[in-house]
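Chemist: Below is the structure I would like to discuss, written out as structure tokens.
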Amino acid sequence: MVNAVKLLLLSGTPLLWGYVWHRAMWSYHLYGVSLGLLSAVFYLYWCGVGYLAARWIRSPLPALVIGNVFGALILVLNLYQALVLERYLSNDVGTWSQLFYLPALRLAVVLQDVLMLFVQTTRHTWLTFTLSFLLMLAVYYAGFKKGQRDRSKKENPFVS
């Protein structure tokens, strides 16, 4: 139970990353390559969160759900704003829901650009947020699987 609470707290840290990143972008005029490097650092961090989840929770499904619950809820909120309201709320809810995915957006935009080579479409923020969520989920799961392998090697050192 304690480990699930720790993981739940870690699952909200992209919001903190997004806030710090937002402040840094405005204060230090970050753009281009520097954003790509920061995004790579964030994805390494998120992989590490998945790795820690494997230490704390043995089963993949609960670890994925707990570790990505805030991301899923915020994605639903972003999709609601973009597709139903057709605008983002101009209050803290609208701002913070976008900040959550800010560290993950750079790679998602690159992926969306590649997809746009094959599918005739325009850039949509809802698609960018969805790709960000899927990338975060994949990176988290990769970290979780690595953590599971390392844990099983530690528990059974003679099994290859």
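Chemist: For region 65-94, which positions are crowded, with 21+ Cβ neighbours inside 10 Å and under 17 Å from Tyr19 (Cβ atoms)?
Modeler: Gly71, Ile74, Asn78
Chemist: Kindly evaluate Ser90 against the criterion of being among the polar types (S, T, N, Q) and in a helix (DSSP H, G or I).
Modeler: The answer is no for Ser90.
Chemist: Exactly one of these conditions fails for Asn91: (1) within 19 Å of the chain's Cα centre (by Cα); (2) more than 25 Å from Leu44 (Cβ to Cβ); (3) not charged (D, E, K, R). Give me its number.
Modeler: Condition not satisfied by Asn91: (1).
Chemist: Please enumerate the residues belonging to region 1-55 that are β-branched (Val, Ile, Thr) and touching a residue at least 60 places away in the same chain (Cβ under 8 Å).
Modeler: Val49
Chemist: Could you list, in sequence order, all residues of region 124-160 that are among the aromatic types (Phe, Trp, Tyr) and touching a residue at least 60 places away in the same chain (Cβ under 8 Å)?
Modeler: Listed by number, the residues that qualify are Phe133, Tyr140, Tyr141, Phe144.
Chemist: I've got another one for you. Provide a single number: the residues in region 41-64 that are assigned to a helix (DSSP H, G or I) and either loosely packed, with under 13 Cβ neighbours inside 10 Å or charged (D, E, K, R) (or both).
Modeler: 4
Chemist: Follow-up question, since we're still on this one. Does Ala142 satisfy the criteria of being out of contact with any strand residue (DSSP E or B) (no Cβ under 6 Å at 6 or more places or on another chain), more than 23 Å from His22 (Cα to Cα) and surrounded by fewer than 18 Cβ atoms within 10 Å (Cβ to Cβ)?
Modeler: Yes: the conditions hold for Ala142.
We did not get these values from a lab; they are worked out from the coordinates using the rules stated. Here the structure is a predicted model, which means the values were calculated and not measured. Ideal geometry is used to build each Cβ from the backbone, glycine not excepted, and the neighbour counts take in all protein chains shown.
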